[in-house]
Amino acid sequence: ADLGNPPWDAIQFKSKEFLAAFDLDLLEAPTKRECELVEQRLLEDESYRTLFNQYKEAFEESKRTNDTFYEHQKVELDGDLAGCQLDAFRVFMERAYQLLRVNGCTGVVVPAAFHANEGATGVRRLYLHQMALRCCYSFENRRKLFEIDSRFKFAAVVAEKGVSTSKFVCAFYLHDDEWLFSKAGK
């Protein structure tokens, strides 16, 4: 069995955040143009430019590694690529699948994007076709079940490896964990 609460961040190249480590004025620049000027000034310095290029290459290498090891992160839908922006939770969900033995179970708390966003189509298909999705309970966080923005929705997902999904229980727009505990006893 595998239980987890993977990171919910997008895996993306963040030049502004990287360069701000060398000049905090970058974060306080009031306009995009002023931000670009600070970035340009920093990148004129060879040592900063070298570090920036190393950061950029490491990010590209990480993307290539993900593309090699994870086949359910990007899928084509109606001729368009879904899942272009890599989300850490999706990578963790696919990795949990890879690590499970047949009939092993995983339970994760992930963003509601798992069931709601087109970008999660590949991982959703994985959990529906190569696993038996047992449940997907989606919560709103208005009562602050987690210390995240109260507008952020999340889902508790349980699945078993080795058989495809024939049916599963689900509920959406839940507000408190009391409901979940009352259903678990039935």
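The values are calculated or read from the model by the stated rules, or taken from the named source; none is laboratory data. Bear in mind that the values here come from a model prediction, so they are computed numbers and not experimental data. For neighbour counting, all protein chains shown are included, and Cβ atoms are generated from backbone atoms with ideal geometry for every residue, glycine included. Accessible surface areas use protein heavy atoms only, side chains included; no ligands, DNA or RNA. Shrake-Rupley method; radii C 1.70, N 1.55, O 1.52, S 1.80 Å.
Observations
- Surface composition of the chain: carbon and sulfur make up 51 percent of the accessible area, probe 1.4 Å.
- Listed residues TYR127, TYR97 arranged by accessible area, highest first, probe 1.4 Å: TYR97, TYR127
- Around the amide H of ILE11, modelled in the peptide plane, lie the amide H atoms of LEU86, ASP87, ALA88, all under 5 Å away and 5 or more residues distant in sequence or on another chain.
- Calculated from backbone phi, Karplus (6.51, -1.76, 1.60) coupling profile of region 113-120 in Hz, x at Gly/Pro: 4, 3, 9, 10, 9, 4, x, 8
- Long-range Cα-Cα pairs in region 42-126 (distance over 17 Å), rounded percent: 57
- Dipole axis of the chain (+1 Lys, Arg; -1 Asp, Glu on Cβ), positive-most option in PRO30, LEU3, CYS84: LEU3
- Cα pair count fraction exceeding 22 Å, expressed as % - region 70-167: 29
- Computed over protein heavy atoms with a 1.4 angstrom probe, the accessible surface ordering of LEU128, LEU86, largest first, is LEU128, LEU86.
- Over region 126-167, the Kirkwood radius and the radius of gyration, each from Cα atoms, give a ratio Rg/Rh of 1.17.
- Over 20 Å [Cα-Cα, the chain], rounded percent: 63
- Value of relative contact order over the chain, rounded to a whole percent, pairs C-alpha under 8 Å and six or more apart: 22
- Residues with amide H under 5 Å from that of ALA112, placed H, sequence gap 5 or more: LYS153, PHE154, ALA155
- Nearest-0.05 FRET efficiency for GLU147 and GLU118, computed from C-beta distance (R0 25 Å): 0.35
- Simple point charges give the picture: +1 on the Cβ of Lys and Arg, -1 on the Cβ of Asp and Glu, and for region 1-117 a dipole about the Cα centre of about 400 debye.
- Projected onto its three principal axes, the C-alpha set of region 35-77 covers 40, 21, 8 Å, listed from the longest axis down.
- Amide H to amide H distances under 5 Å link ALA132 with GLU160, LYS161, GLY162, VAL163, where only residues 5 or more positions off or on other chains count and H is placed in the peptide plane.
- Extension gain (nm, one decimal) between ARG33 and TRP8, 0.36 nm per residue minus Cα-Cα: 6.0 nm
- Accessible area (Å², per residue) of the chain, counting only protein heavy atoms and a probe of 1.4 Å: 62
- Of all the options GLY122, GLY104, GLY79, the one that moves most in a Gaussian network model of the chain with Cα springs shorter than 10 angstrom is GLY79.
- Couplings for region 28-38, taken from phi via the Karplus curve 6.51 cos²θ - 1.76 cosθ + 1.60 with θ = phi - 60°, read 9, 4, x, 10, 4, 4, 5, 4, 4, 5, 5 Hz in order; Gly and Pro are left as x.
- The GluC sites (Glu not before Pro) of region 98-179 that DSSP puts in a loop, and whose beta carbon has at most 10 other beta carbons within 10 Å, are GLU147.
- Across region 133-139, rounded Karplus estimates of 3J(HN,Hα) from the backbone phi angles (6.51 cos²θ - 1.76 cosθ + 1.60, θ = phi - 60°) give 5, 8, 7, 9, 10, 9, 10 Hz, Gly and Pro being marked x.
- Nearest-ten-degree value, helix 46-69 long axis tilted from longest Cα axis of the chain: 20
- Residues VAL157, VAL75, VAL102, sorted by accessible area with the largest first, give VAL102, VAL75, VAL157 [1.4 Å probe; ligands and nucleic acids excluded].
- Taking other residues whose beta carbon is less than 14 angstrom from the beta carbon of ALA29, and scoring Lys, Arg as +1 and Asp, Glu as -1, yields -3.
- Bridges between two residues of the chain, per DSSP, are antiparallel at a rate of about 75%.
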